[in-house]
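Here is the structure we will look at, set down as structure tokens.
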Amino acid sequence: MKVLANDGLSQSGIKALEAGGFEVITTKVAQEQVANYINKHLIDVVLVRSATKIRKDIIDSCPTLKVIGRGGVGMDNIDVAYAREKGLHVINTPAASSESVAELVFAHLFSGARFLHDANRNMPLDGDTQFNSLKKAYANGIELRGKTIGIIGFGRIGREVARMALGLGMKVIATDKYVEEATIKVDFYNGQFINVDIETEPMEDVLRHSDFISLHVPAQDDYIIGKAEFDLMKQDVGIINCARGGVIDEVALIDALEDEKVLFAGLDVFEEEPTPAIQVLMHPKISLTPHIGAATLEAQERIGTELAEQIISLLKNDA
């Protein structure tokens, strides 16, 4: 059986699949050629991350396909319901990248709170001639400890953000349409741990009471955060989006930054990928990364291994 890992696969995943008797192809096939490639090479399994889309047209035109796999959490680049109607297995790895995404949230939080994103732009340009003025410009940083972080979306990644925030001494509040409460286990290197129970709150309360806000929601048809939501927030709030592009109205975000309602933003995802708006890319109060939330070596190893285990189990059972 053949597996096309079109957006790449970790070496551990490749080895596990090959040990299970699969041929793994890691050739990067252009989106418009995916269906032809699957049919020409009689591909049984196609694995994607966020780049490749597996829509109805590919599902209909590729009779050899048995499994569609997404290395990561969200599956908005796959027509999941349709694929399952057609008898295909659709799998993902919802837990594998939670820690990686949560750590990136805090990378953006620390960057914004201490102006690292802007300092790293300006120090190479002016650090040798305007050192003292830059020192003064970046002297009003803030600490995270003791502040309130509001988490919008309290699934796996949101809870991982909560765990890290609690470890830093932050107060955690959260909102989620489908989760009423959760127990967060804060564990330490020596085996000790504490459990913290968190009850979710209405969205409006989280917006009003948070010093920092982090979004952890799937792709939406409309904005979750727009002008009305920014108006509800505290003065000098920081906002992070490492979830999906399009959940924050970027025009409203720029306005809120310009009006000094929002102190800083951290964005890993954008409304228009892979060509984000230049106003967003150039803004001095936005910390930027190119959709790398799950892109750590550890997460990719976990993703590869989990996908391999699921594929072997499914296709052996089918056989």
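The values are calculated or read from the model by the stated rules, or taken from the named source; none is laboratory data. Treat the numbers as computed from the prediction; the structure is a model and nothing was measured. Cβ sites come from the backbone with ideal geometry, for glycine too, and all protein chains shown count toward neighbours. For the accessible areas, the whole protein counts, side chains as well, though only heavy atoms, and no ligand, DNA or RNA atoms are used. Shrake-Rupley method; radii C 1.70, N 1.55, O 1.52, S 1.80 Å.
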### Task
Determine, at each q value in 0.07, 0.08, 0.16 (inverse angstroms), the log₁₀ of I(q)/I(0) that the Debye formula gives when each Cα of the chain is one equal point scatterer.
-0.33, -0.43, -1.28
### Task
Express in nm, to one decimal, how much length is gained between Ala137 and Lys316 on full extension, taking 0.36 nm for each residue of separation and deducting their alpha carbon distance.
58.3 nm
### Task
Report, ordered by chain and residue number, the lysines lying within cross-link reach of Lys28, taken as a straight Cα distance under 24 Å and ignoring same-chain residues fewer than 8 apart.
Lys2, Lys15, Lys40, Lys53, Lys56, Lys66
## Note on the structure
On the accessible surface of the stretch 1-61, probed at 1.4 Å with all protein chains in place, carbon and sulfur together account for a percent value of 51 percent
### Rough spin-label spacing in nm, given labels placed 7 Å along Cα→Cβ, for Met282 and Asp231
3.0 nm
### Task
Go through 185-191, 1-7 and give me the packing order, highest mean Cβ count within 10 Å leading.
1-7, 185-191
### Message
Let me check against my output: what whole-number percent is the relative contact order of the stretch 92-237, with C-alpha pairs under 8 Å and at least 6 apart?
### Response
22 percent
### Charge dipole magnitude, Cβ of K and R +1, D and E -1 - the chain, Cα centre, debye nearest 20
820 debye
### Query
Distance in nm between label sites at Val179 and Phe193, each 7 Å beyond Cα in the beta-carbon direction?
1.6 nm
### Query
Taking the Cα-to-Cβ direction at Leu297 and at Val186 and moving 7 Å from each Cα, how far apart do the two end points lie in nm?
3.0 nm
### Task
For n ≥ 4 DSSP H runs only, could you compute -39500 (n - 2.57) per run for the chain, divide by its residues and tell me the 222 nm figure to the nearest 500?
-11000 deg cm²/dmol
### Task
Throw me the Rg/Rh for the stretch 116-262, computed over C-alpha atoms with Kirkwood Rh, two decimals.
1.03
### Summary
Once Thr27 and Asn122 are pulled to full extension, the length gained, defined as 0.36 nm per residue separation minus their Cα-Cα distance, is 30.2 nm
#### Entry: All lysines inside 29 Å of Lys135 as judged from Cα atoms, apart from same-chain residues fewer than 8 positions distant
Lys147, Lys234, Lys261, Lys285
### Summary
With a Förster distance of 25 angstrom and the Cβ-Cβ distance between Asp221 and Glu309, calculated FRET efficiency to the nearest 0.05 equals 0.15
### Message
Using a probe radius of 1.4 Å on heavy atoms only, what accessible surface per residue do you get for the chain? Whole Å² is fine.
### Response
51 Å²
### Message
For Cα pairs less than 8 Å apart in space and 6+ apart in sequence, what is the mean separation divided by the residue count of the chain, i.e. the relative contact order in percent?
### Response
18 percent
### Task
Report the FRET efficiency, 1/(1 + (r/R0)^6), for Glu258 and Ala51, where r is their Cβ-Cβ distance and R0 is 30 Å, rounded to 0.05.
0.40
### Message
Could you compute how fast the stretch 209-317 diffuses translationally, taking Rh as the Kirkwood radius over C-alpha pairs and applying Stokes-Einstein at 10 °C with viscosity 1.306 mPa s? Give it in µm² per second.
### Response
103 µm²/s
